């Protein structure tokens, strides 16, 4: 049995592990001090999604351990626990951190909400309306009247 390795031995050789949420088996990070995540076929952790950059992020360990980091090199952002890391910036990874390679769903909704309000303000300016407090007060009054009915 000298040629057979146990799961425990394979885990002992790894300096980190990524656990996909879609149920696929863990991706063990071993050898070297870093692992590239991206769309490139040569990436250590290849991802087939057009929203993911060719070299999206790098997970790397400090020497000496125990610190593990992620550095964002993506166009669309890398998120740890729903917080954007920022291009060229690094963040320490802790056990059970959630890494998103595309904007998390709730973040996308917030971004759409901001874009909507900016578009409304621009349309108001084009029509020559202030869109400031008067417009907001009028909307609030209309909503209150609807609630009373």
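Where a number appears in this text, it was derived from the coordinates with a stated rule and is not lab data. Just so we're clear, the structure is a prediction, and the values are computed from it rather than from any experiment.
Maximal additional length on extending the residue 122-residue 26 stretch stands at 29.8 nm, based on 0.36 nm per residue less the C-alpha distance. Once fully extended, how much extra length lies between residue 81 and residue 14, figured as 0.36 nm per residue of separation less the alpha-carbon to alpha-carbon distance? Difference between extended and current length: 21.8 nm.
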